[in-house]
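A.B. asks: After the C-alpha coordinates below, expect a handful of questions from me.
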Amino acid sequence: MDAPFIRVEPPGPRAREVLEKDSNVLMQSFVRWYPLVVETAHGAVVEDVDGNRYIDFNSGLAVMNVGHLHPKVVSAIKRQAEKLLHYSLTDFYYKEAVEVGEKIKGIMPFKGDSRLFYANSGAETVEGAMKIARGHFKGSRQYIIGFLGAFHGRTMGAVSITASKPVQRKWFSPLVPGVIHVPYPYSYRCPFKAETPEECGEAVIGYIEDWILSKMVDPTEVAAFIIEPIQGEGGYIVPPDNFLPRLRRLADEHGILLVVDEVQTGVGRTGEWYAVNHWRVEPDILTSAKGIASGLPLGVIGGKKEVMDLPPGSHASTFGGNPVSLAAAGAVIDIIREENLLENARIQGDYIMKRFKEMMDYIDLIGEVRGKGLMIGVELVKNRETKEPARKEMSWIINNAFKRGVLIISAGVSTLRIAPPLVITRDLVDRALDILEDLLKKAPRNV
Ligand SMILES: Cc1ncc(COP(=O)(O)O)c(C=O)c1O
(Lines give C-alpha, C1' and ligand atoms only; values in the text may rest on other atoms or scores of the structure.)
Protein backbone atom coordinates (compact mmCIF):
# COMPACT_ATOMS: atom_id res chain seq x y z
CA MET A 1 0.00 0.00 0.00
CA ASP A 2 1.33 3.40 -0.93
CA ALA A 3 1.43 5.96 1.84
CA PRO A 4 0.89 8.63 2.85
CA PHE A 5 -2.26 9.10 0.82
CA ILE A 6 -4.89 11.51 2.11
CA ARG A 7 -8.01 11.51 -0.06
CA VAL A 8 -10.32 13.27 2.41
CA GLU A 9 -9.27 15.37 5.36
CA PRO A 10 -9.62 13.19 8.46
CA PRO A 11 -11.98 12.65 10.11
CA GLY A 12 -13.88 11.93 6.90
CA PRO A 13 -17.62 11.16 6.78
CA ARG A 14 -17.29 7.48 7.69
CA ALA A 15 -14.89 8.25 10.51
CA ARG A 16 -17.30 10.86 11.90
CA GLU A 17 -20.10 8.27 12.10
CA VAL A 18 -17.92 5.98 14.19
CA LEU A 19 -16.71 8.81 16.41
CA GLU A 20 -20.26 9.80 17.25
CA LYS A 21 -21.25 6.25 18.14
CA ASP A 22 -18.04 5.73 20.10
CA SER A 23 -18.93 8.43 22.59
CA ASN A 24 -22.44 6.95 22.99
CA VAL A 25 -21.18 3.44 23.59
CA LEU A 26 -17.80 3.58 25.33
CA MET A 27 -16.70 5.12 28.59
CA GLN A 28 -14.36 7.89 27.54
CA SER A 29 -11.51 7.14 29.93
CA PHE A 30 -8.92 6.99 27.15
CA VAL A 31 -6.86 9.82 25.73
CA ARG A 32 -7.07 9.77 21.94
CA TRP A 33 -4.62 12.05 20.23
CA TYR A 34 -6.54 12.39 16.96
CA PRO A 35 -9.65 10.93 15.34
CA LEU A 36 -8.07 8.00 13.50
CA VAL A 37 -10.69 5.35 12.75
CA VAL A 38 -8.84 2.30 11.47
CA GLU A 39 -10.28 0.05 8.77
CA THR A 40 -7.29 -2.12 7.93
CA ALA A 41 -3.50 -2.13 8.02
CA HIS A 42 -0.66 -3.95 6.24
CA GLY A 43 3.01 -3.92 7.14
CA ALA A 44 3.76 -0.39 8.31
CA VAL A 45 0.78 1.26 6.61
CA VAL A 46 -2.63 1.89 8.18
CA GLU A 47 -5.80 2.65 6.22
CA ASP A 48 -8.74 4.48 7.77
CA VAL A 49 -12.45 3.98 7.07
CA ASP A 50 -12.40 6.81 4.49
CA GLY A 51 -9.56 5.29 2.47
CA ASN A 52 -6.76 7.54 3.79
CA ARG A 53 -3.42 5.79 4.22
CA TYR A 54 -0.88 6.60 6.90
CA ILE A 55 2.69 5.60 7.72
CA ASP A 56 2.55 3.90 11.09
CA PHE A 57 5.05 5.17 13.66
CA ASN A 58 2.87 3.79 16.50
CA SER A 59 2.58 0.07 15.72
CA GLY A 60 -0.77 0.08 17.53
CA LEU A 61 1.09 1.09 20.68
CA ALA A 62 4.31 -0.87 20.18
CA VAL A 63 2.45 -4.09 19.42
CA MET A 64 2.70 -4.80 15.69
CA ASN A 65 6.43 -5.47 15.65
CA VAL A 66 6.27 -7.86 12.68
CA GLY A 67 3.94 -5.49 10.84
CA HIS A 68 0.19 -5.52 10.45
CA LEU A 69 -1.45 -8.67 9.08
CA HIS A 70 1.78 -10.51 8.49
CA PRO A 71 0.66 -13.44 6.28
CA LYS A 72 2.46 -16.00 8.46
CA VAL A 73 0.76 -14.70 11.59
CA VAL A 74 -2.62 -14.72 9.88
CA SER A 75 -2.23 -18.28 8.61
CA ALA A 76 -0.96 -19.53 12.00
CA ILE A 77 -4.04 -17.99 13.64
CA LYS A 78 -6.38 -19.51 11.03
CA ARG A 79 -4.82 -22.98 11.37
CA GLN A 80 -5.06 -22.90 15.15
CA ALA A 81 -8.59 -21.44 15.14
CA GLU A 82 -9.81 -24.46 13.19
CA LYS A 83 -8.23 -26.85 15.68
CA LEU A 84 -8.65 -25.56 19.23
CA LEU A 85 -9.84 -22.18 20.50
CA HIS A 86 -9.63 -22.69 24.23
CA TYR A 87 -9.21 -25.25 26.96
CA SER A 88 -7.76 -23.41 30.00
CA LEU A 89 -4.31 -24.20 31.28
CA THR A 90 -5.60 -23.56 34.78
CA ASP A 91 -6.82 -27.15 34.95
CA PHE A 92 -5.69 -28.96 31.78
CA TYR A 93 -2.86 -29.27 29.28
CA TYR A 94 -2.35 -28.62 25.58
CA LYS A 95 0.77 -28.94 23.52
CA GLU A 96 0.84 -25.41 22.06
CA ALA A 97 1.58 -24.09 25.56
CA VAL A 98 4.80 -26.06 25.77
CA GLU A 99 5.83 -25.96 22.11
CA VAL A 100 5.54 -22.19 21.80
CA GLY A 101 6.78 -21.86 25.38
CA GLU A 102 10.05 -23.52 24.39
CA LYS A 103 10.45 -20.91 21.65
CA ILE A 104 9.70 -18.10 24.09
CA LYS A 105 12.21 -19.47 26.60
CA GLY A 106 14.70 -19.42 23.72
CA ILE A 107 14.44 -15.65 23.30
CA MET A 108 14.37 -14.70 26.98
CA PRO A 109 17.58 -13.51 28.65
CA PHE A 110 17.91 -16.24 31.30
CA LYS A 111 21.25 -18.03 31.38
CA GLY A 112 20.09 -21.04 33.37
CA ASP A 113 16.78 -22.86 33.40
CA SER A 114 13.65 -20.72 33.39
CA ARG A 115 9.89 -21.12 33.70
CA LEU A 116 6.98 -19.23 32.15
CA PHE A 117 3.53 -18.13 33.23
CA TYR A 118 0.95 -17.05 30.64
CA ALA A 119 -1.42 -14.12 31.11
CA ASN A 120 -3.47 -11.95 28.76
CA SER A 121 -2.07 -8.45 29.01
CA GLY A 122 0.87 -6.39 30.15
CA ALA A 123 -0.79 -5.32 33.39
CA GLU A 124 -1.65 -8.92 34.23
CA THR A 125 1.99 -9.94 33.84
CA VAL A 126 3.02 -7.15 36.21
CA GLU A 127 0.41 -8.24 38.75
CA GLY A 128 1.73 -11.77 38.46
CA ALA A 129 5.34 -10.64 38.80
CA MET A 130 4.47 -8.79 42.04
CA LYS A 131 2.83 -11.92 43.42
CA ILE A 132 5.67 -14.18 42.32
CA ALA A 133 8.24 -11.87 43.95
CA ARG A 134 6.38 -11.58 47.24
CA GLY A 135 5.37 -15.24 47.14
CA HIS A 136 8.95 -16.36 46.56
CA PHE A 137 9.83 -14.93 49.97
CA LYS A 138 6.67 -16.44 51.46
CA GLY A 139 5.48 -13.00 52.48
CA SER A 140 8.59 -12.13 54.51
CA ARG A 141 9.58 -9.34 52.10
CA GLN A 142 6.62 -7.08 51.45
CA TYR A 143 8.21 -4.06 49.84
CA ILE A 144 8.60 -3.38 46.14
CA ILE A 145 10.74 -0.53 44.84
CA GLY A 146 9.49 1.06 41.64
CA PHE A 147 10.58 4.15 39.69
CA LEU A 148 9.11 7.60 39.20
CA GLY A 149 7.92 8.01 35.63
CA ALA A 150 7.17 4.29 35.37
CA PHE A 151 4.16 2.86 33.57
CA HIS A 152 3.21 -0.71 34.37
CA GLY A 153 -0.51 -0.83 33.57
CA ARG A 154 -3.93 0.06 34.92
CA THR A 155 -4.99 -2.76 37.25
CA MET A 156 -4.70 -2.10 40.97
CA GLY A 157 -1.33 -3.75 41.54
CA ALA A 158 0.23 -2.46 38.34
CA VAL A 159 -1.09 1.07 38.87
CA SER A 160 0.38 1.06 42.37
CA ILE A 161 3.88 0.86 40.87
CA THR A 162 2.95 3.19 38.00
CA ALA A 163 3.97 6.82 38.50
CA SER A 164 4.00 8.52 35.14
CA LYS A 165 0.92 10.79 35.38
CA PRO A 166 -1.21 11.64 38.43
CA VAL A 167 -4.44 11.06 36.48
CA GLN A 168 -3.56 7.36 36.27
CA ARG A 169 -3.74 7.09 40.09
CA LYS A 170 -6.03 9.94 41.15
CA TRP A 171 -9.22 8.76 42.92
CA PHE A 172 -8.13 5.11 43.06
CA SER A 173 -6.42 5.01 46.43
CA PRO A 174 -5.86 3.16 48.60
CA LEU A 175 -3.51 1.45 46.18
CA VAL A 176 -1.52 -1.69 46.97
CA PRO A 177 0.64 -0.92 50.00
CA GLY A 178 4.35 -1.60 50.25
CA VAL A 179 5.42 0.21 47.07
CA ILE A 180 8.24 2.76 47.29
CA HIS A 181 9.12 4.99 44.34
CA VAL A 182 12.60 6.26 43.61
CA PRO A 183 13.78 8.52 40.76
CA TYR A 184 14.60 7.00 37.36
CA PRO A 185 17.99 7.99 35.93
CA TYR A 186 16.54 10.45 33.42
CA SER A 187 19.89 11.99 32.65
CA TYR A 188 18.53 14.79 30.41
CA ARG A 189 16.67 16.02 33.48
CA CYS A 190 18.60 14.32 36.23
CA PRO A 191 16.90 14.81 39.61
CA PHE A 192 20.37 14.88 41.20
CA LYS A 193 23.40 17.04 40.54
CA ALA A 194 25.29 15.19 37.80
CA GLU A 195 27.63 16.24 35.01
CA THR A 196 27.31 13.07 32.94
CA PRO A 197 24.62 10.41 32.40
CA GLU A 198 26.77 7.92 34.33
CA GLU A 199 26.96 10.28 37.30
CA CYS A 200 23.18 10.47 37.17
CA GLY A 201 22.97 6.67 37.22
CA GLU A 202 25.39 6.50 40.12
CA ALA A 203 23.46 9.20 42.02
CA VAL A 204 20.20 7.25 41.74
CA ILE A 205 21.91 4.10 43.07
CA GLY A 206 23.39 6.21 45.89
CA TYR A 207 19.95 7.59 46.73
CA ILE A 208 18.47 4.09 46.94
CA GLU A 209 21.34 2.90 49.14
CA ASP A 210 21.80 5.95 51.36
CA TRP A 211 18.26 7.18 51.74
CA ILE A 212 15.80 4.38 51.04
CA LEU A 213 17.64 1.26 52.20
CA SER A 214 19.49 3.02 55.02
CA LYS A 215 16.76 5.27 56.40
CA MET A 216 13.38 3.96 55.37
CA VAL A 217 13.19 0.23 54.81
CA ASP A 218 15.50 -2.58 55.77
CA PRO A 219 16.73 -4.31 52.59
CA THR A 220 15.70 -7.69 54.02
CA GLU A 221 12.10 -6.50 53.70
CA VAL A 222 12.37 -5.64 49.99
CA ALA A 223 11.16 -8.35 47.60
CA ALA A 224 11.94 -6.68 44.28
CA PHE A 225 12.99 -3.77 42.19
CA ILE A 226 10.57 -3.43 39.28
CA ILE A 227 11.90 -1.38 36.39
CA GLU A 228 11.35 -0.70 32.70
CA PRO A 229 14.82 -1.09 31.14
CA ILE A 230 13.88 1.85 28.92
CA GLN A 231 11.00 3.93 30.27
CA GLY A 232 8.14 3.87 27.76
CA GLU A 233 5.07 5.93 28.62
CA GLY A 234 7.30 8.04 30.92
CA GLY A 235 9.16 9.51 27.93
CA TYR A 236 11.16 6.86 26.03
CA ILE A 237 14.03 7.36 28.44
CA VAL A 238 17.19 5.29 28.05
CA PRO A 239 19.09 4.87 31.33
CA PRO A 240 22.84 5.54 31.43
CA ASP A 241 24.92 2.48 30.55
CA ASN A 242 26.13 1.95 34.11
CA PHE A 243 22.66 1.94 35.64
CA LEU A 244 21.09 -1.48 35.10
CA PRO A 245 24.34 -3.36 35.88
CA ARG A 246 24.64 -1.30 39.10
CA LEU A 247 21.02 -2.00 40.01
CA ARG A 248 21.64 -5.71 39.40
CA ARG A 249 24.61 -5.58 41.78
CA LEU A 250 22.65 -3.73 44.42
CA ALA A 251 19.86 -6.28 44.17
CA ASP A 252 22.35 -9.13 44.54
CA GLU A 253 24.00 -7.55 47.57
CA HIS A 254 20.69 -7.64 49.41
CA GLY A 255 19.03 -10.72 47.92
CA ILE A 256 16.40 -8.50 46.25
CA LEU A 257 14.85 -9.74 43.00
CA LEU A 258 15.26 -7.72 39.82
CA VAL A 259 12.02 -7.65 37.82
CA VAL A 260 12.20 -6.03 34.40
CA ASP A 261 9.01 -4.90 32.73
CA GLU A 262 9.70 -5.49 29.03
CA VAL A 263 6.07 -5.18 27.98
CA GLN A 264 6.94 -2.29 25.67
CA THR A 265 10.68 -2.81 25.13
CA GLY A 266 10.43 -6.52 24.35
CA VAL A 267 10.20 -8.79 21.32
CA GLY A 268 12.76 -7.01 19.19
CA ARG A 269 11.54 -3.45 19.65
CA THR A 270 14.98 -2.15 20.68
CA GLY A 271 17.00 -4.23 18.24
CA GLU A 272 17.52 -7.02 20.81
CA TRP A 273 14.95 -9.65 21.78
CA TYR A 274 14.76 -7.94 25.16
CA ALA A 275 16.25 -4.55 26.09
CA VAL A 276 18.24 -5.86 29.08
CA ASN A 277 20.50 -7.58 26.53
CA HIS A 278 21.93 -4.17 25.63
CA TRP A 279 23.52 -4.10 29.06
CA ARG A 280 23.99 -7.88 29.49
CA VAL A 281 21.89 -7.82 32.62
CA GLU A 282 20.11 -11.00 33.62
CA PRO A 283 16.87 -10.28 35.47
CA ASP A 284 15.21 -12.67 37.91
CA ILE A 285 11.76 -12.08 36.41
CA LEU A 286 10.74 -10.53 33.09
CA THR A 287 7.31 -9.44 31.88
CA SER A 288 6.44 -9.49 28.19
CA ALA A 289 3.22 -8.70 26.30
CA LYS A 290 2.35 -6.20 23.52
CA GLY A 291 4.48 -7.36 20.55
CA ILE A 292 4.64 -11.02 21.55
CA ALA A 293 1.47 -12.12 19.70
CA SER A 294 1.07 -9.45 17.00
CA GLY A 295 -2.13 -7.99 18.43
CA LEU A 296 -3.70 -11.06 19.99
CA PRO A 297 -3.97 -10.94 23.77
CA LEU A 298 -1.02 -12.65 25.40
CA GLY A 299 1.24 -11.80 28.30
CA VAL A 300 4.18 -13.89 29.41
CA ILE A 301 6.05 -13.82 32.69
CA GLY A 302 9.46 -15.46 32.45
CA GLY A 303 11.68 -16.07 35.42
CA LYS A 304 14.56 -18.07 36.77
CA LYS A 305 13.33 -21.57 37.62
CA GLU A 306 14.16 -21.19 41.30
CA VAL A 307 12.16 -17.95 41.54
CA MET A 308 9.06 -19.14 39.66
CA ASP A 309 7.95 -21.24 42.60
CA LEU A 310 4.40 -20.22 43.50
CA PRO A 311 2.59 -23.30 44.83
CA PRO A 312 -0.41 -24.96 43.11
CA GLY A 313 -3.63 -22.97 43.48
CA SER A 314 -1.90 -19.67 44.21
CA HIS A 315 -1.96 -18.12 40.71
CA ALA A 316 -3.74 -18.88 37.42
CA SER A 317 -5.67 -17.28 34.56
CA THR A 318 -8.57 -18.81 32.59
CA PHE A 319 -7.59 -17.38 29.22
CA GLY A 320 -3.84 -17.03 29.86
CA GLY A 321 -1.90 -18.83 27.13
CA ASN A 322 -4.83 -19.04 24.74
CA PRO A 323 -3.82 -21.43 21.94
CA VAL A 324 -4.65 -18.98 19.14
CA SER A 325 -2.58 -16.23 20.79
CA LEU A 326 0.24 -18.73 21.25
CA ALA A 327 0.09 -19.73 17.58
CA ALA A 328 0.53 -16.05 16.72
CA ALA A 329 3.44 -15.77 19.18
CA GLY A 330 5.19 -18.76 17.61
CA ALA A 331 4.86 -17.13 14.20
CA VAL A 332 6.14 -13.78 15.52
CA ILE A 333 9.33 -15.37 16.83
CA ASP A 334 9.92 -17.24 13.55
CA ILE A 335 9.32 -14.09 11.48
CA ILE A 336 11.70 -11.96 13.54
CA ARG A 337 14.41 -14.58 12.99
CA GLU A 338 13.68 -15.32 9.31
CA GLU A 339 13.39 -11.67 8.28
CA ASN A 340 16.31 -10.43 10.42
CA LEU A 341 14.06 -7.92 12.08
CA LEU A 342 16.38 -7.29 15.02
CA GLU A 343 18.91 -6.08 12.50
CA ASN A 344 16.36 -4.01 10.61
CA ALA A 345 15.26 -2.40 13.88
CA ARG A 346 18.87 -1.42 14.58
CA ILE A 347 19.54 -0.17 11.04
CA GLN A 348 16.34 1.86 10.64
CA GLY A 349 16.51 3.03 14.25
CA ASP A 350 20.09 4.29 13.92
CA TYR A 351 19.13 6.05 10.71
CA ILE A 352 16.09 7.73 12.30
CA MET A 353 18.19 8.91 15.25
CA LYS A 354 20.89 10.18 12.91
CA ARG A 355 18.37 12.20 10.93
CA PHE A 356 16.80 13.75 14.05
CA LYS A 357 20.25 14.53 15.46
CA GLU A 358 21.16 16.26 12.21
CA MET A 359 17.97 18.30 12.45
CA MET A 360 19.15 19.57 15.84
CA ASP A 361 21.63 21.79 13.94
CA TYR A 362 18.82 23.88 12.51
CA ILE A 363 15.70 23.03 14.58
CA ASP A 364 16.17 24.22 18.15
CA LEU A 365 12.83 22.78 19.24
CA ILE A 366 14.57 19.40 19.55
CA GLY A 367 16.18 19.12 22.98
CA GLU A 368 17.28 15.49 22.96
CA VAL A 369 17.14 12.45 20.66
CA ARG A 370 17.47 9.10 22.43
CA GLY A 371 16.59 5.48 21.93
CA LYS A 372 17.57 1.97 21.01
CA GLY A 373 16.47 0.23 17.84
CA LEU A 374 12.97 1.35 16.92
CA MET A 375 12.10 2.77 20.33
CA ILE A 376 13.05 6.41 19.88
CA GLY A 377 12.15 9.53 21.80
CA VAL A 378 12.56 13.05 20.45
CA GLU A 379 12.13 15.43 23.36
CA LEU A 380 10.88 18.88 22.41
CA VAL A 381 11.77 21.97 24.43
CA LYS A 382 10.94 25.64 24.07
CA ASN A 383 14.49 26.57 24.94
CA ARG A 384 17.58 24.35 25.13
CA GLU A 385 18.97 26.27 28.11
CA THR A 386 15.89 26.11 30.33
CA LYS A 387 14.63 22.81 28.83
CA GLU A 388 11.07 24.06 29.29
CA PRO A 389 8.85 21.34 27.75
CA ALA A 390 7.29 22.33 24.40
CA ARG A 391 3.92 20.69 25.11
CA LYS A 392 1.74 22.69 22.73
CA GLU A 393 4.29 22.59 19.94
CA MET A 394 4.38 18.81 20.32
CA SER A 395 0.58 18.56 20.16
CA TRP A 396 0.54 20.70 17.03
CA ILE A 397 3.12 18.45 15.37
CA ILE A 398 1.33 15.22 16.30
CA ASN A 399 -2.03 16.47 15.05
CA ASN A 400 -0.65 17.89 11.84
CA ALA A 401 1.39 14.74 11.17
CA PHE A 402 -1.90 12.84 11.31
CA LYS A 403 -3.48 15.20 8.78
CA ARG A 404 -0.50 14.63 6.49
CA GLY A 405 -0.47 10.86 6.85
CA VAL A 406 1.99 10.03 9.64
CA LEU A 407 0.81 8.36 12.83
CA ILE A 408 2.79 9.30 15.88
CA ILE A 409 1.94 10.00 19.54
CA SER A 410 3.74 11.36 22.58
CA ALA A 411 5.49 9.92 25.62
CA GLY A 412 6.28 11.72 28.86
CA VAL A 413 5.57 15.44 28.84
CA SER A 414 6.81 16.62 25.45
CA THR A 415 8.51 13.72 23.71
CA LEU A 416 7.61 12.42 20.27
CA ARG A 417 7.34 8.64 20.55
CA ILE A 418 8.69 6.82 17.51
CA ALA A 419 7.88 3.12 17.43
CA PRO A 420 7.23 1.85 13.90
CA PRO A 421 6.82 -1.83 13.06
CA LEU A 422 10.23 -3.53 12.82
CA VAL A 423 9.48 -4.35 9.16
CA ILE A 424 9.46 -0.68 8.14
CA THR A 425 11.46 0.14 5.01
CA ARG A 426 13.92 3.00 4.50
CA ASP A 427 11.59 4.47 1.91
CA LEU A 428 8.66 4.76 4.34
CA VAL A 429 10.99 6.01 7.09
CA ASP A 430 12.24 8.78 4.80
CA ARG A 431 8.76 9.80 3.72
CA ALA A 432 7.59 10.03 7.33
CA LEU A 433 10.72 11.87 8.47
CA ASP A 434 10.42 14.42 5.66
CA ILE A 435 6.92 15.26 6.88
CA LEU A 436 8.00 15.40 10.53
CA GLU A 437 10.99 17.58 9.68
CA ASP A 438 8.77 20.00 7.82
CA LEU A 439 6.36 20.17 10.77
CA LEU A 440 9.17 20.61 13.28
CA LYS A 441 10.35 23.59 11.22
CA LYS A 442 6.88 25.09 10.88
CA ALA A 443 5.51 24.48 14.39
CA PRO A 444 4.17 27.78 15.79
CA ARG A 445 6.52 28.69 18.64
CA ASN A 446 5.64 29.61 22.20
CA VAL A 447 1.96 28.91 21.65
C1 LIG B 1 6.06 -1.02 30.23
C2 LIG B 1 4.60 -1.36 30.25
N3 LIG B 1 4.14 -2.21 31.18
C4 LIG B 1 2.85 -2.56 31.23
C5 LIG B 1 1.94 -2.04 30.34
C6 LIG B 1 0.49 -2.45 30.44
O7 LIG B 1 0.16 -3.26 29.39
P8 LIG B 1 -1.38 -3.55 29.03
O9 LIG B 1 -1.94 -2.28 28.50
O10 LIG B 1 -1.32 -4.67 28.03
O11 LIG B 1 -2.03 -3.96 30.31
C12 LIG B 1 2.37 -1.16 29.36
C13 LIG B 1 1.42 -0.58 28.40
O14 LIG B 1 1.64 0.39 27.74
C15 LIG B 1 3.73 -0.80 29.31
O16 LIG B 1 4.21 0.06 28.40
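A.B. asks: Which condition does Asp91 not pass, out of (1) open to solvent by 10 Å² or more (accessible area, probe 1.4 Å); (2) away from the ligand (no atom under 14 Å from the Cβ); (3) touching a strand residue (DSSP E or B) at 6+ places or on another chain (Cβ under 8 Å), if it passes all the others?
C.D. replies: Asp91 satisfies every listed condition except (3).
A.B. asks: Answer yes or no as to whether Ala251 is buried (at least 24 other Cβ atoms within 10 Å of the Cβ), outside any loop (DSSP other than H, G, I, E, B), modelled with pLDDT of 95 or more and assigned by TED's automatic domain parsing to the domain that holds Asn277.
C.D. replies: Answer is no for this residue.
A.B. asks: Could you check region 141-167 and list, in sequence order, the residues that are away from the ligand (no atom under 14 Å from the Cβ) and open to solvent by less than 10 Å² (accessible area, probe 1.4 Å)?
C.D. replies: Those that are away from the ligand (no atom under 14 Å from the Cβ) and open to solvent by less than 10 Å² (accessible area, probe 1.4 Å): Ile144, Ile145.
A.B. asks: Okay, next question. Select from region 283-300 the residues that are in a loop (DSSP other than H, G, I, E, B) and either free of Cβ contacts under 8 Å to residues at least 24 places away in the same chain or within 13 Å of the chain's Cα centre (by Cα) (or both) and list them in ascending order.
C.D. replies: Result: Ala289, single match.
A.B. asks: Quick test for you: out of Val300, Val378, Val307, Val332, pick the one residue that is β-branched (Val, Ile, Thr), closer than 25 Å to Leu36 by Cβ and in the same structural domain as His86 (by TED's automatic domain parsing).
C.D. replies: Just one listed residue meets the conditions, Val332.
A.B. asks: Confirm whether Val49 is more than 25 Å from Glu233 (Cα to Cα) and open to solvent by less than 50 Å² (accessible area, probe 1.4 Å).
C.D. replies: yes
A.B. asks: Could you check how many residues of region 112-140 are within 12 Å of the ligand (Cβ to nearest atom) and assigned to a strand (DSSP E or B)?
C.D. replies: Here the count works out to 1.
A.B. asks: Please find, within region 261-280, the residue that is farthest from the chain's Cα centre (by Cα) out of those that are without any contact (Cβ under 8 Å) to a residue 60 or more places away in the chain and more than 15 Å from the ligand (Cβ to nearest atom).
C.D. replies: Once the filter is applied, the top-ranked residue is Arg280.
A.B. asks: Follow-up. Tell me the residue from Ser29, Ser121, Ser59, Ser114 that is touching a residue at least 60 places away in the same chain (Cβ under 8 Å), of a type in the set (S, T, N, Q) and more than 15 Å from Leu296 (Cα to Cα), please.
C.D. replies: Ser114
A.B. asks: Is there any pair with a first residue in region 322-344 that is of a type in the set (Ser, Thr, Tyr) and a second that is open to solvent by less than 30 Å² (accessible area, probe 1.4 Å) whose Cβ atoms are under 8 Å apart and which are 6 or more apart or on different chains, and what are they?
C.D. replies: That search, which allows pairs on different chains as well, returns Ser325/Ala293; Ser325/Leu298.
For (1) in contact with a Leu (Cβ under 8 Å, 6 or more places away or on another chain); (2) aliphatic (A, V, I, L, M); (3) assigned to a strand (DSSP E or B); (4) under 23 Å from Ser164 (Cα atoms), each residue gets a yes or a no:
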| position | (1), (2), (3), (4) |
| --- | --- |
| Ile205 | yes, yes, no, yes |
| Pro239 | no, no, no, yes |
| Val263 | no, yes, no, yes |
| Glu272 | yes, no, no, no |
| Asn277 | no, no, no, no |
| Val281 | yes, yes, no, no |
| Gly302 | yes, no, yes, no |
| Val307 | yes, yes, no, no |
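The values are calculated or read from the model by the stated rules, or taken from the named source; none is laboratory data. Nothing here was measured: the structure is a model prediction, and the numbers come from that model. Glycine gets a Cβ as well: all are built from the backbone with ideal geometry, and neighbour counts include every protein chain shown. Note: accessible area is taken over every heavy atom of the protein model, side chains too, but ligands, DNA and RNA are not part of it. Shrake-Rupley method; radii C 1.70, N 1.55, O 1.52, S 1.80 Å.
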